[in-house]
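Asker: Encoded as structure tokens, here's the structure I'll be asking about.
Only the coordinates and a few stated rules stand behind these numbers; no lab work does. Fair warning: this is a prediction, and the values are worked out from it, not measured in the lab. No Cβ is skipped: glycine too gets one built from the backbone with ideal geometry, and neighbour counts run over all protein chains shown.
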Amino acid sequence: MLQSMTGYGKASGTYGTSRLEAEVRSLNSKSQDISVKVPPVFKGIEMEIRQLAGELLGRGKIDIYVNLEGNGQQGFSLHRENARAALALIRELEELAGSKGTDDTLSLLLRFPEVIQSGSVTANQALCDEALSLVKEACQTVAVFRSTEGIKLEADISVRISQIGVLLERVEQFENQRIADKKKKLQAALDSLALPPADPQRLEQEMIFYLEKFDFTEEKVRLAQHLAFFKQCMQNETEQGRKLGFICQEIGREINTLGSKAYDADIQKLVVLMKDELEKIREQLGNIL
């Protein structure tokens, strides 16, 4: 089954009086590109988050956001003991300098470290485990989203691959007439030269050699094989976007060769339609995992 590289997942939970939220977004990319944005309290597990997402989601441009909100994350508090100690030190300096307190006393007090403290949650194993659990849940939601999108993509691609097969079968109805017309034109060209009569056997050999250049039986066989292999890969394997892309290259090569050997307007029209379907398949494969 095919899987899309596009997906979105979100999971939320609580830790004490705080609210945790993990959000994961995935877009198509040629490689695995993971971006993680977390509060400072989770910096220690950023690599674990990155590794977890990589194992669960594979290829794609993956953005991960973890938020921590609530009483435990925001707000500041006054450390009274530190403030009293700092104020006493300022007063002592004022006495030594022989000056009285000024309006700048408060600004000086605020410069002392640990007077005003952040109310942030401190990192602990339980909090980190909860964050990782939510990231995993969000990634699993993304995986479900990708599978759902993959089903739609597979249905569209299957129709287009089958259509190329139908167009290939239609080539046969013009093939025999094409060779007959080419023989007539070649014979007419020889007759117009008014040359002495040639050895019929030698002429037939040269005619066969010439017409072999226009034979595309091998291209038709290989193209049919590539189409069958493409369908097989879609049904039996996972994470095969690159592999299907390689098969598409081979399909395109056979279609191009068939077109270059055709020398027939009706077959050329069919080749153009094949190329159109193949280009639409390539566009869809750009989003396949």
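Asker: Under the 0.36 nm per residue contour assumption, what length would be gained going from the current alpha-carbon distance of ASN176 and LEU96 to full extension? Let's see the in-between values first.
Answerer: Working: separation 80, 0.36 × 80 = 28.80 nm, distance 11.29 nm.
This chain segment gains 17.5 nm when fully extended.
Asker: Also, I was wondering about something else. Rank these for me by crowding, LEU289, LEU134, going from fewest to most other beta carbons within 10 Å.
Answerer: So the residues, fewest neighbours to most, are LEU134, LEU289.
Asker: Out of residues 5 or more away from ILE34 or on other chains, whose amide H comes under 5 Å of its own, with H placed 1.01 Å from N in the peptide plane?
Answerer: Answer set, sorted by chain and number: ILE62.
Asker: For an R0 of 45 angstrom, estimate the FRET efficiency from the Cβ-Cβ distance between PHE214 and ASP156 and round to the nearest 0.05.
Answerer: 0.85
Asker: Further question on the same structure: Would you kindly state how much longer the chain becomes between GLN125 and SER12 on full extension, computed as 0.36 nm times their sequence separation minus their alpha carbon distance, in nm to one decimal?
Answerer: Between GLN125 and SER12, full extension yields an extra 38.9 nm.
Asker: According to a simple spin-label model (label point 7 Å from Cα along Cα-to-Cβ), what is the distance in nm between LEU89 and ASP33?
Answerer: So the label points at ASP33 and LEU89 sit 4.9 nm apart.
Asker: Between GLN235 and VAL166, what's the calculated FRET efficiency when r is the beta-carbon distance and R0 is 25 Å? Round to 0.05.
Answerer: In this case the efficiency is close to 0.80.
Asker: Oh, and also: Can you pick out the pairs among LYS10/LYS243; LYS184/LYS261; LYS152/LYS280 whose Cα atoms lie more than 22 Å from each other?
Answerer: LYS10/LYS243
Asker: Roughly speaking, what is the stretch gain from ARG282 to SER133, that is 0.36 nm per residue apart minus the C-alpha to C-alpha distance, in nm to one decimal?
Answerer: 50.0 nm
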